[in-house]
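This report refers to the structure that appears directly beneath it.
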Amino acid sequence: MSFPARRMSSVSCFQFSESVDSPMVSLDQALKLLLNAEDLVIADVGAAYGLPWYLQVLDEWATLCLFEPNAARAEELRKAYKKSNRRKKAHVFETALSASGGERVLYETNVPTGSSLLKPGSDALNEFGDPSYFFPIHAHRIQTRRLDDVLNEAGIQQVDFLKLDVQGAEIEVLHGLGDRLRQSTLGVELEVGLPGGYLEQPSMGQVDEFLRSRGFTLFDLRPVRLHRPVHGDRTYYPRKIFGVHENSTSVSKRIWEVDALYFRGAEHLLKTGDRSGLRKLVVLYCAYGFFAEAHYLLTRVMEDHILPSPEVESLRNAVIAWHRHRHYSMKESPRWWTIREVISSWRNRISRLFCRPRSSTWLVNE
């Protein structure tokens, strides 16, 4: 996975702050410095279980717009956010979104997270998918709305970041945002099938062209890879045929889908001196672990005299503090990586003595 590795604790063990030149601030202080008085607005479309773990660091600091058409899940979200003592509002919208609104057919799959406005049944699904995930399918008509209309009704002027998980209907939802997508949205995370299990599902090329034409740049891809199933069992081939664990690197998995992460190009924000947009973009970079990009962007802010040098220096230190509090541990230090490389080198030598070398250069070389 190429997004930040998951850590359940907000503070990693064996943390060090000695290498940071300025006094270390807390994570809350870092976020307060970076956002200042800006209202970061995050929309999660397909938010059945709330924000994904890597965005939860922003849960208290952002205005949330959570879209979940499933009535039971929407009510659970309302209860969860009603209990919390939040700095910002959390709006739960029990509605399905589409490009133009109006009545549409919803295809409810056997597993609720597979339901979509697109009909399952692609050639890829028939050949490689897991039928038990999709079938039986119950189709019924529902009312949908445009994202732009829902936000206008709620008095929300802009969406800074969109996280979409709507099973192939992502471009539909983005179309429904109208001009806001091009004018003010700073980032989008969305799922793309390769080719996916739905009929007429947009390809990676179509998604990329759509977002690039609106000023976004691809930052990362997080792939989902799967073994071919036999009667729904994806461990069949590695375990029963080749006698290895299903996650063994000796039997490659096929790619099924990717989560794609796009951010707006920063040059326009720098050219126009958009302090609000730049601060928010730095925060979004950090939420996804792009601390080097955040630090570099702040350097550009200083070089272009958008903010005073002392203020930029405090913001760069806030980026360092965020990384230290959330992600740094002894095993990430250069010294520890040197030790790992030495151990790995000796392990490979011992492995070559007792095991045949892998013949394919495509497979992971451990």
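Structure notes:
- Test set (1) outside any helix (DSSP H, G or I); (2) open to solvent by less than 20 Å² (accessible area, probe 1.4 Å) - LEU125 fails condition number: (1)
- Close pairs (6 angstrom Cβ cut-off, 6 or more residues apart or separate chains): over 12 Å from HIS227 (Cα atoms) in segment 240-254, hydroxyl-bearing (Ser, Thr, Tyr) and open to solvent by less than 90 Å² (accessible area, probe 1.4 Å) anywhere: VAL244/SER250
- In this entry, ARG228 passes the filter for residues that are of a type outside the set (S, T, N, Q), touching a helix residue (DSSP H, G or I) at 6+ places or on another chain (Cβ under 8 Å), in a loop (DSSP other than H, G, I, E, B) and open to solvent by 70 Å² or more (accessible area, probe 1.4 Å).
- Of all residues in segment 255-278, those satisfying the criterion of being in contact (Cβ under 8 Å) with a residue 24 or more places away in the chain and either among the polar types (S, T, N, Q) or touching a strand residue (DSSP E or B) at 6+ places or on another chain (Cβ under 6 Å) (or both) are ILE255, TRP256, GLU257, VAL258, ASP259, ALA260, LEU261, TYR262, PHE263, ARG264, GLY265, SER276.
- Verdict on VAL159 being open to solvent by less than 50 Å² (accessible area, probe 1.4 Å), among the β-branched types (Val, Ile, Thr), within 30 Å of THR249 (Cβ to Cβ) and not in a helix (DSSP H, G or I): no
- Subset of segment 222-239 (residues that are of a type outside the set (D, E, K, R), in contact with a strand residue (DSSP E or B) (Cβ under 9 Å, 6 or more places away or on another chain) and in contact (Cβ under 8 Å) with a residue 24 or more places away in the chain): PRO223, VAL224, LEU226, HIS227
- Considering segment 55-97, the residues that are touching a Pro at 6+ places or on another chain (Cβ under 9 Å), assigned to a loop (DSSP other than H, G, I, E, B) and open to solvent by 60 Å² or more (accessible area, probe 1.4 Å) include one that is modelled with the lowest pLDDT, namely ASN70.
- Residue list for segment 258-276, filter: open to solvent by 40 Å² or more (accessible area, probe 1.4 Å) and of a type in the set (D, E, K, R): GLU267, LYS271, ASP274, ARG275
- Residues of segment 207-249 that turn out to be farther than 22 Å from PHE128 by Cα and modelled with pLDDT under 95, as a count: 0
- Criterion (over 25 Å from TRP53 (Cβ atoms), surrounded by 13 or more Cβ atoms within 10 Å (Cβ to Cβ) and not aromatic (Phe, Trp, Tyr)) met by exactly one of ASP208, ASP304: ASP208
The values are calculated or read from the model by the stated rules, or taken from the named source; none is laboratory data. Because the structure is predicted, anything quoted here is derived from the model rather than measured. FYI the Cβ positions are ideal-geometry reconstructions off the backbone, even for glycines, and counts take in every protein chain you see. We work out accessible area using only protein heavy atoms, side chains counted, and drop any ligands, DNA or RNA first. Shrake-Rupley method; radii C 1.70, N 1.55, O 1.52, S 1.80 Å.
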